[in-house]
Amino acid sequence: MEFTPSPPVHRVLCADCGTPIVPNSANMCVACLRNTVDITEGIPKQASVSYCRNCERFLSPPASWMLAKPESAELLALCLKKLKGLNKIRLTEAHFIWTEPHSKRLRVSMTIQKEVLTNTILEQTFEIEYLVQHGQCPDCAKLAAKNTWSALVQVRQKVPHKRTFLYLEQLILKHGAQKDTISVKEVKDGLDFFYSSRSHALKMVDFLGNVVPIKRSSEQIISSDVHTSTATFKYTYSVEIVPICKDDLVCIPPKQARHLSNISPLTICTRVGNSVHLLDPATLQSCDITSTMFWRTPFHTLATVTDLVEFTVLDIEPDGRRTKGRFVMADAQVALAGAFRSTKGIHEDEEMMDFDNRGVSNQIYHTRTHLGAILQPGDTAMGYHLTNSNYNSDDFALLDSDHIPDIILVKKAYPNRRKKSKSRGWKLRSIAKEAGEEGETGNARGIVGRLGGRDQKKVEEDYEIFLRDLEEDPEMRSAVNLYKAPEVEMAPPEKKGGKRKPQFAMEVDDAPPEEIVKTGIGLTDDEEEEADFPEIQLDELLEGFDEMTLGASENGPTTTD
């Protein structure tokens, strides 16, 4: 094989430093060429972006505002749009360089190419620093003015408690439905949501229809100015939630019950979504009542959770053949809590129930329940005492007295755990949408309970019941966001004759509310906590990302993503 030598490589000396290089049109090495020609000339090394802290949007020139997460592709495109001179070079790569969230700075690394001489392309990498300037977008600027709203959503529920709106607030936060809300105002039977445009109000109405059963009606308000011949349109949407809540005792009208697969009229509400789920605890037969069905033939509840009575399970026999989902049919023997407890040395007080004074507290009741999977002998359950109740309902009066049970058990209770002053290791976020509050979410008290007054104590009790429902119902807990409590302080020892405030109660100026569960006998050393108490696991909690919010301050906006 004949050897073929490679063609010789001719080299010349750099005109500036004398380094041997391959000949080029400039006769200079790369280092000298970079020192001589700056391809970044005309591109500013510093720029600024406008950021609205209230709605968390960035200004996209010339006048539009857009949502962009930190270090996202949308924010990078917005930053590059702010630069001048990019049309004269070729951009090959750009990415963010990490900075402290509170530094109000954004750093972008860019790699560009440009032809400097004939057939000579130079590549260079440099950094650009952006200053995040806080300002207000036109929509948020209306917060300082009055009567600037264009659409109003009035949400109402004719019930004597606020637990539905406490749960609705958490659903709104989880799905981010509060982003377009200008302000929220609490009224007697519900909430008012104000919006700057009609489309935002319609979006909220559609969201409410997907999470709770509602009846929707709209009203158009028109105000005109005869001097300028202009008219201002304001739209009001009225939304009424079905007045049935979880664990309520319901008596369906007999005629309607026959159309619902002939279910027993006496049922309990097990869940409320976009429809009401009712269950007959005696047969495990269930039905779903949509908002259309309910408002066609409306009916009311017989009793609510405030009417629940505490019972002790003496014996229970589950029937494994009759199950439906998480419910298991069982025959139970129950008695009133404390029925067989020795009362020697304990005198009766004013809080003693009427049937205790009549000497029937030690009676044993036989009932059929759907809680056979979780109840054991010795457990405590909450239920409705129909024997000693008088309901003002025509539908209930039509029922055959032989088919009305003495007791209807609703849920399992944990009285020993509730008697202990134990801190909760989790917290809830709230919507901050009143005057003087920045941001959309916060750690302060929620939108429910701001009115104060004589009903504040009732709101505090509803809030404590709502927290207990979250602890005891995993299905309900999965629909909301729970956050880790950064600093959990144990409640101080209860003073004799004093009142104890529930854990993580809403901050008010009134006197601390009383504990809901009132017992004449406290928790002794011999009484231990229930072993099956549904503790909230650490993996169910979310971290608070306050420190990762741009421009976050002590009272500034927080994020729930």
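With respect to the cross-link table entries K179/K427; K203/K246; K246/K324, which display a Cα-Cα separation exceeding 23 Å?
Pairs exceeding 23 Å: K203/K246.
Roughly how much of W149 is accessible, in Å² to the nearest 10, using a 1.4 Å probe?
Its heavy atoms expose roughly 50 Å² to the probe.
Determine the distance separating the Cα centre of the range 232-277 from the Cα centre of the range 184-201; give it in Å without decimals.
23 Å
Give the distance, in whole Å, between the Cα centre of the range 101-122 and the Cα centre of the range 317-337.
Centre-to-centre (Cα) distance: 72 Å.
Top to bottom by accessible area (1.4 Å), largest first, where do S6, S197, S64 land?
Largest accessible area first, the list is S6, S64, S197.
Considering only DSSP states other than H, G, I, E and B, which trypsin sites (Lys or Arg not before Pro) in the range 175-207 qualify as loop sites with at most 11 other Cβ atoms within 10 Å?
Sparse-neighbourhood loop trypsin sites (Lys or Arg not before Pro): K188.
The values are calculated or read from the model by the stated rules, or taken from the named source; none is laboratory data. Note that the structure is a prediction, hence the values are computed from the model and not measured. Heads up, the Cβs are rebuilt from the backbone with ideal geometry, glycines too, and the neighbour counts pull from every protein chain shown. What goes into the accessible areas is simple: the full protein's heavy atoms, side chains included, and nothing from ligands, DNA or RNA. Shrake-Rupley method; radii C 1.70, N 1.55, O 1.52, S 1.80 Å.
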